[in-house]
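What follows is a short report on a single structure.
The values are calculated or read from the model by the stated rules, or taken from the named source; none is laboratory data. Bear in mind the structure is a predicted one, so any value in this text is a computation, not a measurement. Cβ coordinates were reconstructed from backbone atoms using ideal geometry, including for glycine residues, and neighbour counts include every protein chain displayed.
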Amino acid sequence: MVSSAETSPAAATTSAETAKLGTWMMPFMAILLHDLRSLWQSRLVRLWLGAALLLTFMLVGANWSQFRDGTLIASLLFPYLVFPWFFVVVVLGVGPVSESRTEALADGILSRPVSRCEYLLATWSARVVLVLGLYLVVTIPAIVLVIAARRPVPEDTVTVYGIVTALGVVGLVLTFLVSLGFLVGTLLRKPLLAVVVLVFVWYPIGLILSVFSLEQFSPISLSRAISTQLRQPWRQAEANGQTSANAEDINALSDQMSHFFSVLSGAPPKPKAANPDFFEGETFADFSLVRVVLGYGLPTLAAVFLATLSFYWRDL
Amino acid sequence: MEPAIRTEHLTKIYGQRLIAVNDMSLEVPPGSVFGLLGPNGAGKTTTLRLLLGLQRPTAGRAQVFGKPCGPNAVGVRSQIGYLPTNPKLPGNLRPIEYLDLLGKLARLPNEVRKPRISALLRAVGLLGATDQKIQTFSTGMCTRLGIAASLVADPPLLLWDEPTAGLDPSARRFTLDLIREMGKTKTVVVATHILTDIDQICGHLGVMHEGRMIFAGSMQDMKRRLCRHDFTLELEGAAEDIGRLAREVTDLKGIEARVDAGRALLVRIADGQSRSLALAEVLRRIDANNLSLSVIHSGQNATENAYLQLLQEDEAHGFQR
C-alpha cells in the first residue's frame, strides 16, 4: 500500500513529462511524417527504389560465383558512394526549401506556430530517414543472402562488426550528401543550379581532397577500403600487414591443392574467386573508423547548421 | 488596453530597390474588424507577412498583443490565423488530413483537435468533400478550407488576405457573413482592394498607398472627414425645374448644389451648418418647384469617394512629404 502510494506520483510525473515531450515534439513529428509521406509518393523515390533493387539483383547475380563475400558486399555499396545513387540523394536533399516551394511552404507551414529551425530539422530528418531506410531495405537482404548462401567461392572472413561498420560508413556518407544538398539548395534557392553545382563538386572531390591531403576520405578511397573493413578494422589490417600477406599465400596454396585433387578425381575444379583490384584496398595508414566518422560527421553537422542559419535570415 | 497589432515605423525594402512598406505606424484595436485597404502593390500582403514573421523588417518593429514579431516568434503565430490570397494547399492530402496536420503544428491534443476539425468542416460547408483530395477542389472550396485552416488553433487574431478573391457571389456572401460573425469574438484584419467588402464588414480601416499608411481610423471618421455633408437627391420632373432648384439652393447660406446626370441634385452642406435644417429647406423647395423626390442618398459611394480622394491627395502631396 505504502509502496503503491510512493510509486504512483512518480509514475504520474513521468507520464506528465512524456505527454509534455510529446506535445513539444508534435509539430516536428507532424512535419517529419508529412514530408516522409510526400517523398514516398514522389516518382523519383519510387523509381529509385525500383532501380536500386534491380541493380542490386544484377550485381549479386553477375558476381555470384566470381567475388568473395567481402568484395561482393563492397561492390553492392559502391553505387551509393560514387554513382549513380549519389545523384538521387543530392536531388532529394536539394528540394525542401528551394524557391519553387517557398510560397506553399510559407502559406502552409511557416505561417503556423512552428519555428524555422523546427521545420528545417524535421524536413532534413525526413530525407535522411527516407534515404537511409531505402538504402538499408535494399542492401541488408542482399548482404544476408550473400553471407548465408553457399556460393562456389572460397570462404571469406567477413565479420558482423565489419558489416555493421561498413553499412554505417556508407550511411554516414549518404547523410552527408543529403545535408550538402540541403545546404546548397538553401543557399542557391534554384534547385537545378544547386544540383549542377553539387555534381561539379562531388565528382572531382578526390582531387579537391588531395589538395588538403585528405584523399582517403574520397568516395573512391572509401569504396576501395570497405572490403577490408568488412573483414577486419582498418587499423588492425594495417598492423597485421604480414598476416594479410600470409592469408593470400594460404589462399593460393589452397587453390593449387584444390585444382590438383580435382584433376586426380576427375571432378570439375572449384571456381577461382576474383579479387578485383578496385574493391581491394591495400594501405590504411590514414584510415580509422573514428577519422571517417569525424571526417563526414562534422561536415554534416556544419552543413545542417549553416542551412538553418541561412534559412533563418531568408524572407519568404 | 493592449492593441491587437502595433507597428512603429515599420519599413520593408526589397534588395535596396523596392520600398514595399514605408515607415508605417499603426494600431489595430482589439475586438475590431479592421480593413486594410489599398490598390494592388500598396504593401498590404507584405505588412501581413511582416506580422507573421515570414519576412524581416528593414527598419521599425511590429508587435502582436504586445509580443514582437519575427521568424522564430512561435508565440506570436500561435495567436494568428492566416488566410493567404488563393491559398496554396497540399493537393495530395484530404481536408481532414490537412487540418489535422495544422492542428498538430499548433500542438493541439487529439481530444481537442478532432472535434474541432469536424466542427470547422461543417461550418465551412466541406463535410461533403472530406473524401476528395484537395487538388480536385475549386477556388471557392480552397478558400473555405483555407478559412477553416486559419481557425484550427482558435486564435484571437485573424489575418485574412483578399478572402473574397475569385469567389462566386454566394461564396462571397458566406465569407463576409463569417467575417462579421468572427468579429464578435476576435480581432479580424481583412486586406483587400474591394471597397464594398470593407463597407459591409469593417468598423475600422487603414488605407495604404505605395507602402504608406495614408489613413487609419474608424469608418465613420473616414466618411465624415472626406464626404463632409453630402447628399444626392434623385428627382422626377422637368430638367429646367431641377436647374432652377439647384440655383435656389445654392443661394442659401452654407449650401452648394449642382445637377448631375440630368436628374440628380448633389447637395453639399458646409461645416458648421445644421444638416437637418438644410435638408428640410431643400426638401421644401423640391415641392415648391413641382418636383418629386424618388431617392435620397447620404453621399454617393461614400467609401469609394473617400478612398479615391485619399489616393489623389496622397499623390498630389507627394513632393510636400
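Quick one: residue B:55 ticks every box in (1) part of a strand (DSSP E or B); (2) at the interface with another protein chain (Cβ under 8 Å from one of its Cβ atoms); (3) touching an Asp or Glu at 6+ places or on another chain (Cβ under 7 Å) bar one, so which box is it? That leaves (1) as the condition not met. Against the conditions (1) surrounded by fewer than 21 Cβ atoms within 10 Å (Cβ to Cβ); (2) more than 14 Å from every other protein chain (Cβ to nearest Cβ); (3) without any contact (Cβ under 8 Å) to a residue 60 or more places away in the chain, residue A:115 satisfies every one except (2). Of everything in the range A:288-315 that is farther than 21 Å from residue A:125 by Cβ and surrounded by 14 or more Cβ atoms within 10 Å (Cβ to Cβ), the residue that is farthest from the other protein chains (Cβ to nearest Cβ) is A:288.
When the range B:64-75 is limited to residues that are without any contact (Cβ under 8 Å) to a residue 12 or more places away in the chain and facing another protein chain (nearest Cβ under 8 Å), the one that is surrounded by the fewest Cβ atoms within 10 Å (Cβ to Cβ) turns out to be B:75. In the range B:198-212, the condition of being surrounded by fewer than 22 Cβ atoms within 10 Å (Cβ to Cβ), on the phi < 0 side of the Ramachandran plot and without any contact (Cβ under 8 Å) to a residue 40 or more places away in the chain is met by at least one residue.
Meeting the requirement of 1 or more residues that are at pLDDT 85 or above, the helices (runs of 4 or more DSSP H) wholly within the range A:16-125 are A:43-62, A:69-81, A:85-94.
For residue B:191, the stated conditions do not hold, so it cannot be described as in contact with a helix residue (DSSP H, G or I) (Cβ under 9 Å, 6 or more places away or on another chain), under 26 Å from residue B:39 (Cα atoms), among the small types (Gly, Ala, Ser) and at pLDDT below 90.
Restricting attention to the range B:291-319 and to residues that are modelled with pLDDT of 70 or more and in a loop (DSSP other than H, G, I, E, B), the residue that is farthest from residue B:212 (Cα to Cα) turns out to be B:291. Pairs under 6 Å by beta carbon, first residue within 8 Å of another protein chain (Cβ to nearest Cβ) in the range A:20-45, partner hydrophobic (A, V, I, L, M, F, W, C), six or more apart or different chains? Between residues of the range A:20-45 that are within 8 Å of another protein chain (Cβ to nearest Cβ) and residues that are hydrophobic (A, V, I, L, M, F, W, C), the close pairs are A:27/A:114; A:27/B:105; A:30/B:101; A:30/B:105; A:31/A:122; A:34/B:101.
Residues that are without any contact (Cβ under 8 Å) to a residue 12 or more places away in the chain, more than 14 Å from chain A (Cβ to nearest Cβ) and out of contact with any Cys (no Cβ under 8 Å at 6 or more places or on another chain) do not occur anywhere in the range B:141-162.
Restricting attention to the range B:12-37 and to residues that are at negative phi and in a loop (DSSP other than H, G, I, E, B), the residue that is surrounded by the most Cβ atoms within 10 Å (Cβ to Cβ) turns out to be B:32. Looking across the range B:38-58, the residues that are among the hydrophobic types (A, V, I, L, M, F, W, C) and farther than 15 Å from residue B:26 by Cβ come down to B:52, B:54. Meeting the requirement of 3 or more residues that are over 30 Å from residue B:205 (Cβ atoms) and basic (Lys, Arg), the helices (runs of 4 or more DSSP H) wholly within the range B:93-193 are B:110-123.
Restricting attention to the range B:76-110 and to residues that are hydrophobic (A, V, I, L, M, F, W, C) and under 28 Å from the mean Cα position of the chain (by Cα), the residue that is farthest from the other protein chains (Cβ to nearest Cβ) turns out to be B:99.
Just to be sure, is residue B:249 assigned to a helix (DSSP H, G or I), touching a Lys or Arg at 6+ places or on another chain (Cβ under 9 Å) and either free of Cβ contacts under 8 Å to residues at least 24 places away in the same chain or hydrophobic (A, V, I, L, M, F, W, C) (or both)? Criteria met by residue B:249.
Under the condition of being touching a residue at least 24 places away in the same chain (Cβ under 8 Å), assigned to a helix (DSSP H, G or I) and over 21 Å from residue A:289 (Cβ atoms), the residues counted in the range A:138-162 number 4.
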